[in-house]
């Protein structure tokens, strides 16, 4: 019996036992669907995070105040620890100070790296409700105070209207730019008509001078639910950030690292740090936050693998039992094959092929279902259709191994049958 004959005979047997094959395939398919589905969903979330957290562009970075609650090692970071080991004394008076306006302005005026754009901005309250006549937004609109470079550095583009000008910045008058979601909420029939309209922000009238292009929706960063005014204007509100932030955008990605190096030197001057003091500010690239959240999602990937593995172990046990039942049911068939000249390896190969075929069928159905289920998140997050090809290959390999392992013992048992006893089996 040739290899092709064994495969064809195994395939006919699988097709003839539809109920048994269907149940086993379903068990394996659910295990693979759980694995591939979760991996696909996580891939969609990763892609969404990369797209939405890269709001400043690949050639930009920001400088912010170093919060004390991110310290490690019992209240001391690694840099402080290493310096104390060397016997250097750390000046504590400057570590807890937020970035002041004077320091930010000093940095902006003195940072001269190859015509890089520098913006100084400050975060306001993130739960604002804006009103226009009978319309209002959800109480989730973030308010920012910025300068003339805020839009470019943070990846925003104007759809209509104008940017903040010198008069707006110096006077601090009540003018603003609004995100596309805000415009849609307040002007549902025609968001373009928002220009020059007066809206209410915390009960105060603001004239809309600019409408921003949409940047897309992320569950963790609503970039279109935003209102932007001047730095001077936002200072009238309470519960705003105690620290200013600085954004820098260079001409291309290759200039990013040297620009960061120069910004560190300039920021240390602005903060008046002496050589023995560690940096009391943090420089963040645009994709750092995405990397943090993606790292957290890695744990979910591990859990998905555990779920799929447990299910596949159960499927392997079930497949082995079904193959043992098949050996008992087809004992006379095995005896007939051996009586006609079939060898042990032919019988063993046929049962192994059956087990592997059932397992691969389960893998195919499970992968298709898993990709479809996982891409529901792609639709929600508005990312492209995702197929985790690496995990598809891993899933097929795992199922082939499951079929092989589950079929070895039944195949060996069938091959070991005595042809005379097998022919007399009732």
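The set of residues from the range 159-189 being under 22 Å from residue 222 (Cβ atoms) and free of Cβ contacts under 8 Å to residues at least 12 places away in the same chain comprises just one member, 184. From the list 279, 257, the one residue that fits, being assigned to a helix (DSSP H, G or I), at pLDDT below 90 and either within 30 Å of residue 36 (Cα to Cα) or more than 24 Å from the chain's Cα centre (by Cα) (or both), is 257.
A Cβ distance below 8 Å, combined with a sequence gap of six or more or placement on separate chains, defines the contacts here; from the range 243-266, residues that are under 14 Å from residue 119 (Cβ atoms) reach residues that are in a helix (DSSP H, G or I) and modelled with pLDDT under 85 in the pairs 250/256.
Applying the set (1) within 20 Å of residue 18 (Cα to Cα); (2) at pLDDT 75 or above to residue 407 leaves exactly one unmet item: (2). Taken over the range 175-227, the residue count meeting the criterion of being at negative phi, in a loop (DSSP other than H, G, I, E, B), at pLDDT 90 or above and touching a strand residue (DSSP E or B) at 6+ places or on another chain (Cβ under 9 Å) is 7. Condition check for residue 263 on (1) modelled with pLDDT of 85 or more; (2) within 19 Å of residue 155 (Cβ to Cβ); (3) in contact with a helix residue (DSSP H, G or I) (Cβ under 7 Å, 6 or more places away or on another chain): one failure, at (3). Going by the conditions given, is residue 69 modelled with pLDDT under 60 and under 30 Å from residue 370 (Cβ atoms)? It is false that residue 69 is modelled with pLDDT under 60 and under 30 Å from residue 370 (Cβ atoms).
State whether the residues of the range 327-334 include one that is in a helix (DSSP H, G or I), in the same structural domain as residue 37 (by TED's automatic domain parsing) and modelled with pLDDT of 70 or more. No: the range 327-334 contains no residue that is in a helix (DSSP H, G or I), in the same structural domain as residue 37 (by TED's automatic domain parsing) and modelled with pLDDT of 70 or more. When you look at residue 107, is it touching a helix residue (DSSP H, G or I) at 6+ places or on another chain (Cβ under 6 Å) and at pLDDT below 90, yes or no? No; evaluated as a whole, the condition is false for this residue.
The values are calculated or read from the model by the stated rules, or taken from the named source; none is laboratory data. Note that the coordinates shown come from a computational prediction; the quantities given were computed from them, not determined experimentally. So basically every Cβ, Gly included, is an ideal-geometry build from the backbone, and we count neighbours across all protein chains shown.
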